[in-house]
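In what follows, a single structure is set out as structure tokens and then discussed.
The values are calculated or read from the model by the stated rules, or taken from the named source; none is laboratory data. All values derive from a computational prediction rather than experimental measurement. Here the Cβ is made from the backbone with ideal geometry for all residues, glycine too, and neighbour counts use every protein chain on show. In case anyone asks, the SASA skips ligands and DNA or RNA and just uses the protein heavy atoms, side chains included. Shrake-Rupley method; radii C 1.70, N 1.55, O 1.52, S 1.80 Å.
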Amino acid sequence: MRKIVTLLAGLLAVLSLSAQPRRPDAPLPKWEGLAETPQMGWNSWNKFATDISEDLIKATADKMVELGLVDAGYVYLNLDDGWHGERDEQGFIHEDPVKFPSGIKALADYVHARGIKLGIYSDAGTNTCACYAGSNGHEYQDAFTYASWGIDYLKYDWCYTQNLNPVGAYTTMRSALKRAGRPILFSICEWGSNKPWEWAAEVGHSWRTTGDIGAHFLADPITYDENGRPRWRSLGVLEIIDINEPLRAYAGPGHWNDPDMLEVGNGLSDAENRAHFTMWCMMAAPLILGNDLTNMSAETLAVITNKDVIAIDQDPLGVQGLRLRKDGDLQYWFKPLSDGAWAFCVLNGGPDDVTVALDWEALECKDELSGRSTQFAKVNYQAKDLWNAKAKPFTTRVKGRKRGQTVGARTSVVVPSHDVVTYRLTPVL
């Protein structure tokens, strides 16, 4: 009798649950353990826009290995807009059969065999920015498709998103990626329009903080249409630095401010390439190359493979650099590093070379975010010039002539126009 009562009670419980309305799955968390340091790789957009193909991507993968870029840390090879074909009758997306005749899965196998991870692009709206099929309403289908292809990275844009809530849209794709079962780095690309730094740390691994970068160091002039509205324009390197700099408190391991992809090698001068690359490293930004790797100058290759400067970006402490001060065209930057060292940089955004006297004690840096301070009055640092291999290291303090006192050293350096001088300051024990 007791067994019958128990079975009836269980049956009633099941019937009661089945009568309740179905609740949607709870949002799933993002994949953890990805982008513990800012991601590094290459993306097709800045140089090739939608003019991409299987042959181009394979050739780029081969060059990434041949030139030592993979060994330097550039492990993602990302397709941007323009890879899309059509959706089938069930709503599943396919690649363009002309551009990618072997299919994305075969392309992923090709790059994986070379120690590279493959990234792909989509959009939270109905269409991508280049008017291919967006993922709106197909998030779970697309996430499972990407996982089945072997995709490792998703850049997710924000075009054609009228009436969409950005937190909801990006959270939906985050959950879809987690449900698909393959770890995929999630790069949020909504241009900083909805202050993603305030909400995206739990949603993605990086988020764009600015509009699109252009291959120019200074700001292009603002122009207006016939109705007096400002026309769209890409942003210059210095503009983007000013926008991204105040957001440092939001960045850290697994969640980074993204001031957009690199334009190194796309028409900037060698000095501007050096400054652009250095400042992205000082800001702990993702380092996503965007030039033609199959046709690149030795000077450009030297910039993007400078291991000492890359180490600043990839430092495991994960603190975005701070701008200590700005004097006219000169900017003074510090970035605390994990071994007690500091990266120090002077950026010259002006048209003329400038001779700068580095008075270290006057450059004392107290960083509330990391709880670190340089303490130049107490700590002696050895300064290594990271762009001039011939320059001899020097220290920030020297012996005084009386009673063995130490005084702050003053070093004069020339900072060329649109260039940087960059040092790693290591405490001398």
Cα-based shape type of the chain, given that a ≥ b ≥ c are square roots of the gyration tensor eigenvalues and the cut on a/c is 1.5: prolate
Whole-number accessible area per residue in Å² for the chain, which is evaluated in the context of all protein chains at 1.4 Å: 46 Å²
Cα-based convex hull, the range 257-329, per residue volume (Å³, whole number): 104 Å³
Centroid-to-centroid separation of the range 133-171 and the range 331-389 [C-alpha atoms, Å]: 41 Å
The range 290-332, dipole about Cα centre (Lys/Arg Cβ +1, Asp/Glu Cβ -1), debye to the nearest 20: 200 debye
DSSP beta bridges in the chain [antiparallel fraction, %, rounded to 5]: 65 percent
Exceeding the 26 Å Cα-Cα cut-off - candidates Lys63/Lys105; Lys58/Lys195; Lys47/Lys195; Lys30/Lys117; Lys63/Lys335: Lys58/Lys195; Lys47/Lys195; Lys63/Lys335
Assigned charges on the beta-carbon of Lys, Arg, Asp, Glu; the range 40-166 dipole about Cα centre (debye): 280 debye
For the chain, built as a Gaussian network whose Cα springs stay under 10 Å, the top-fluctuating residue of Glu299, Glu54, Glu272: Glu299
Inter-probe distance in nm under a simple model that places probes 7 Å from Cα toward Cβ, at Asp359 and Lys390: 3.1 nm
For the chain: relative contact order, % (alpha-carbon pairs under 8 angstrom, 6 or more apart): 13 percent
Candidates Pro253, Pro286, Pro97, ranked by Gaussian network fluctuation over the chain, Cα under 10 Å, top entry: Pro97
The range 313-429: radius of gyration and largest Cα-Cα distance (Dmax), Å: 14.3, 45
Accessible-area composition of the range 257-347, carbon plus sulfur, in percent [1.4 Å probe]: 44 percent
Amide proton proximity set for Lys117, modelled H, under 5 Å, gap of 5+: Tyr76, Leu77
Asp327 versus Arg231: modelled label distance in nm, points set 7 Å from Cα along the beta carbon direction: 4.0 nm
Three semi-axes of the equivalent ellipsoid, the range 200-250, Cα gyration tensor, whole Å, largest first: 26, 14, 9
GNM flexibility winner over the chain from Lys390, Lys63, Lys307 (Cα, springs under 10 Å): Lys390
Distance between modelled label sites at Glu66 and Glu299, nm, 7 Å Cα→Cβ extension: 2.3 nm
Between the range 231-251 and the range 286-324, the alpha-carbon center distance in angstrom: 17 Å
